[in-house]
Amino acid sequence: MRRFVSAVAALTLLSAQPVLAQRQCSSVSDQSAFEVQALRSQLMVLATGCHDDEKYNAFMRRYQADLQANERSINAYFQHRYGKAAQVEHDRFVTDLANAISRQGSDLGGDFCPRNGLIFNEVLALESAAQLTEFAAGKNLVPGSVEICTPMPSSATAARKMTSKKK
């Protein structure tokens, strides 16, 4: 019986591993950039849906330099992954992220604002901008329906190989 339970537990862990792998980036800096982007999107959806524009603006002002640096990291990621299609893919990602977070809000209905509104107070209470990435990681805000750090598309890989051969 123990072997059976151990086998079932091992199979469960192995079957769950691909789901976890999709949500993790090979680079810690890429993972952090996507988590901060998810935090920013969460706060934007809260500001829009819960009429917390003042708190959102305070967040944006306080972390402006860090958010701009994060945006540059995200841009570099998409540029590396998609080349000429980087902006389209980046825009698609940001839209998918915001839509997924909005759907989560719709699913919560009237509980969305009270349940999630305190995140503004938490993020604005951080002692320094250096804590922002750790805070974002701890909130686990990237929806499961949004893919991050996906493998490079084969067409982009082939294009990069062709470009490097020409050099």
- Query: Just checking, which of Thr157, Thr150 is at pLDDT below 95, hydroxyl-bearing (Ser, Thr, Tyr) and either closer than 18 Å to Gln37 by Cβ or surrounded by 15 or more Cβ atoms within 10 Å (Cβ to Cβ) (or both)?
  - Reply: Thr150
- Query: If we only count helices (runs of 4 or more DSSP H) wholly inside the stretch 51-149, which ones have 3 or more residues that are free of Cβ contacts under 8 Å to residues at least 60 places away in the same chain and of a type in the set (Asp, Glu)?
  - Reply: 86-108
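Yes or no, residue by residue, for (1) among the hydroxyl-bearing types (Ser, Thr, Tyr); (2) at pLDDT 70 or above:
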site: Val5; (1), (2): no, no
site: Ala10; (1), (2): no, no
site: Leu14; (1), (2): no, no
site: Pro18; (1), (2): no, no
site: Ala21; (1), (2): no, no
site: Ser26; (1), (2): yes, yes
site: Leu39; (1), (2): no, yes
site: Val45; (1), (2): no, yes
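The values are calculated or read from the model by the stated rules, or taken from the named source; none is laboratory data. Everything quoted here is computed from the prediction, not taken from an experiment. Here the Cβ is made from the backbone with ideal geometry for all residues, glycine too, and neighbour counts use every protein chain on show.
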